[in-house]
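Structure first, commentary second.
The values are calculated or read from the model by the stated rules, or taken from the named source; none is laboratory data. It should be emphasised that the depicted structure is a prediction, and the values quoted were computed from it without experimental measurement. In this analysis, Cβ positions are derived from the backbone assuming ideal geometry, glycine residues included, and neighbour counts consider all displayed protein chains.
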Amino acid sequence: MPHHCISHIKDVDGLSSAALVVAAKGGTFRLTDYDDLLREIDAVPATATGVTICDLGTNASNFPEFVGKLEALAKRVPVTYIDHHYLTEESKKEILKTGVELRHDVRDCASMLTYLTYKESLPEGGRLLALYGAVTDYMDTSANASQMMETFDRQFVLLECTILAYALAKNGRDYAYPEMLVRGLASMKAPHSIDEVGREALEQAEVVRRLAEDVRSKGTRMGKLAYMRTEQSSTGNVAKLLLGAFGVSVGVAYKDKLGGTAELSLRGTSESKIHLGKEIGLIAQRHGGSGGGHEKAAGCSVPASEIQGLLADLESRLEAS
Ligand SMILES: [Mn+2]
């Protein structure tokens, strides 16, 4: 009887979470982004005997619909929802009312929470997958992750999860690629030994080096933030590079998507005094879009014509903080 997993397609945390669910429960999985989460819930196979949703938050604008879909799904099959994106107490209560089992904690990454949920059914290698998510989501200083890290060669963990992140950044646009990575990880392969992943990661290292030069000439400073339009699949990386290139507290990188919308990634340094996820959720809504995320890493999508207005709003929030 097949279990079904829906997890985040964009980063190592989402992929590691999916691999952990597959390793523990078998069955099928789908990788998706926030925009398509509701559609993926609708598309859960009728034969599924259980569903786990990992590393996928939702924002205020479609929260009621999300809760409605969770409720309908939970009537059919047992549902476990594992996430670490910020949720209000009110939202948590609403999710719990749907009958899903909620594993939510903002102190750990989704892979760590997934590992802890299915620990009993996982092989030894599952601990490494939990750490890959923790390091790449900047959550390896949590009590669980730092304790786990003590039992490994730290450099091996850093190397392997970076290989994974770089190979994903290079090939993430092709759905089959992250799917292939999840299959390899679920069979407990080290990232460097999956297919051509090691070589792809090194090629991406060169892309990143060139990109770091690029952002200096193509980025624009606006007060406490810097922004840039990019074609890179990993807008998060570009946002990060802007922080260093311009010495600002917030970097924003965006790319155009089909249908006149733009997808933005935001990254902040410790100098940034606002919660980027909460702020961008509110600002994006005012500009006809939606967004959310963590304190120092967030994202949103808005009509492309709203970008300048959105950046100006974000900048004035930074000035006021
Ligand atoms: Mn995550």
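For segment 300-321, give me the residue count where each residue is free of Cβ contacts under 8 Å to residues at least 40 places away in the same chain and part of a strand (DSSP E or B).
Within segment 300-321, residues that are free of Cβ contacts under 8 Å to residues at least 40 places away in the same chain and part of a strand (DSSP E or B) number 1.
Does residue 79 satisfy the condition of being hydrophobic (A, V, I, L, M, F, W, C) and either under 22 Å from residue 111 (Cα atoms) or crowded, with 19+ Cβ neighbours inside 10 Å (or both)?
Criteria met by residue 79.
I want to confirm something. Restricting to segment 53-86 and keeping residues that are free of Cβ contacts under 8 Å to residues at least 40 places away in the same chain and closer than 21 Å to residue 130 by Cβ, which single residue is nearest to the ligand (Cβ to nearest atom)?
83
If residue 243 passes every condition in (1) closer than 12 Å to residue 219 by Cα; (2) free of Cβ contacts under 8 Å to residues at least 24 places away in the same chain; (3) among the aliphatic types (A, V, I, L, M) but one, which one does it miss?
(2)
Is it the case that residue 184 is small (Gly, Ala, Ser) and either closer than 30 Å to residue 91 by Cβ or in contact with a helix residue (DSSP H, G or I) (Cβ under 6 Å, 6 or more places away or on another chain) (or both)?
Here the answer is no, as residue 184 does not meet what is asked.
Please enumerate the residues belonging to segment 150-169 that are in a helix (DSSP H, G or I) and either surrounded by fewer than 19 Cβ atoms within 10 Å (Cβ to Cβ) or aromatic (Phe, Trp, Tyr) (or both).
154, 155, 156, 158, 159, 162, 166
Can you tell me how many residues in segment 1-51 are free of Cβ contacts under 8 Å to residues at least 60 places away in the same chain, away from the ligand (no atom under 16 Å from the Cβ) and charged (D, E, K, R)?
Here the count works out to 5.
Among the candidates 198, 259, 236, single out the residue that is on the phi > 0 side of the Ramachandran plot and outside any loop (DSSP other than H, G, I, E, B).
259
Could you please find all residues in segment 262-292 being of a type outside the set (Ser, Thr, Tyr), assigned to a strand (DSSP E or B), touching a residue at least 40 places away in the same chain (Cβ under 8 Å) and surrounded by fewer than 23 Cβ atoms within 10 Å (Cβ to Cβ)?
The one that is of a type outside the set (Ser, Thr, Tyr), assigned to a strand (DSSP E or B), touching a residue at least 40 places away in the same chain (Cβ under 8 Å) and surrounded by fewer than 23 Cβ atoms within 10 Å (Cβ to Cβ): 262.
Quick one: residue 117 ticks every box in (1) touching a strand residue (DSSP E or B) at 6+ places or on another chain (Cβ under 6 Å); (2) buried (at least 22 other Cβ atoms within 10 Å of the Cβ) bar one, so which box is it?
With (1) touching a strand residue (DSSP E or B) at 6+ places or on another chain (Cβ under 6 Å); (2) buried (at least 22 other Cβ atoms within 10 Å of the Cβ) applied to residue 117, the lone miss is (2).
Name the residue that is surrounded by the fewest Cβ atoms within 10 Å (Cβ to Cβ), counting only residues in segment 1-27 that are in a strand (DSSP E or B) and over 9 Å from the mean Cα position of the chain (by Cα). It would help to see each step written out before you state the result.
Filtering segment 1-27 for residues in a strand (DSSP E or B) gives 3-8.
When the remaining residues are screened for being over 9 Å from the mean Cα position of the chain (by Cα), the result is 3-7.
Working: 3: 20, 4: 23, 5: 30, 6: 27, 7: 30.
Taking the candidates together, the pick is 3.
Output the number of the condition that residue 226 fails; it satisfies all remaining conditions of (1) in a helix (DSSP H, G or I); (2) at pLDDT 95 or above; (3) among the small types (Gly, Ala, Ser).
Checking residue 226 against (1) in a helix (DSSP H, G or I); (2) at pLDDT 95 or above; (3) among the small types (Gly, Ala, Ser), the one that fails is (1).
Of the conditions (1) among the charged types (D, E, K, R); (2) in contact with an Asp or Glu (Cβ under 6 Å, 6 or more places away or on another chain); (3) surrounded by fewer than 24 Cβ atoms within 10 Å (Cβ to Cβ), residue 36 fails just one. Which one is it?
Exception for residue 36: condition (2).
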